[in-house]
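Every number in this text was worked out from the coordinates using simple rules, so none of it is lab data. Note that the coordinates shown come from a computational prediction; the quantities given were computed from them, not determined experimentally. Cβ coordinates were reconstructed from backbone atoms using ideal geometry, including for glycine residues, and neighbour counts include every protein chain displayed.
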Amino acid sequence: MSEGAARPRPAWVMPALRAGRVRPVVTAPDPVLATCGERVDPRDPVIVQLGADLFATQADSPGCVGLAAQQVGIAAQVFSVDVTGHAKTRTCHGRFVLCNTEVVAASRRERGREGCLSVPDLTGDVARARRLTVRGQLPVSGEWVELQTDGFEAVALQHEIDHTQGLIFLDRVAGPGAVHPRRTYL
Ligand SMILES: [Zn+2]
């Protein structure tokens, strides 16, 4: 029904990044997690390195499907996502970093359980769109790309975009009844 449905999705390829290094992960209530990120120049070598380090740090954390700059202590609009191989994944764009990302369209909100490396002891029930279109810039080239996705990847993207705006999932839960102690680590 959306007017975007008839448009072909522009193809894009995530640029190759050099190997990054694993950075320490910041946990709540560190104030950086509540800080709205600065817009960045995706071609800046410092930002490209940050993207590579997010990949490395994410890969070092089993079950981690996304990581934002705030989680390694930097208030910037940069995050990585990789839902490859996750049981709940439908559409999957593989492993990518996006900068200065904004939501273009969101629909079909449903509740689901979320966790976060920066909130190690809790999970929460959060309503998120299951149909999502976002727009952001690739590192290295700075190319603007539009990404249409659904299901688990859509949830992961909204969780990471929130981080870049200084929000964690605990800011989105319906109330105290929607927060749960974490018993298992994915
Ligand atoms: Zn998180």
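Structure values in brief
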{"read-out": "Pairs where the first residue, in region 110-123, is touching a residue at least 24 places away in the same chain (Cβ under 8 Å) and of a type in the set (A, V, I, L, M) and the second is away from the ligand (no atom under 11 Å from the Cβ) and not in a loop (DSSP other than H, G, I, E, B), C-beta under 6 Å, 6+ apart", "value": "Leu122/Val179"}
{"read-out": "Any chance Leu132 is away from the ligand (no atom under 13 Å from the Cβ) and within 15 Å of the chain's Cα centre (by Cα)", "value": "yes"}
{"read-out": "Output for region 136-185, where each listed residue is over 13 Å from the mean Cα position of the chain (by Cα) and within 12 Å of the ligand (Cβ to nearest atom)", "value": "Leu170, Asp171, Arg172"}
{"read-out": "Count of residues meeting criterion [within 14 Å of the ligand (Cβ to nearest atom) and among the polar types (S, T, N, Q)] in region 49-101", "value": "6"}
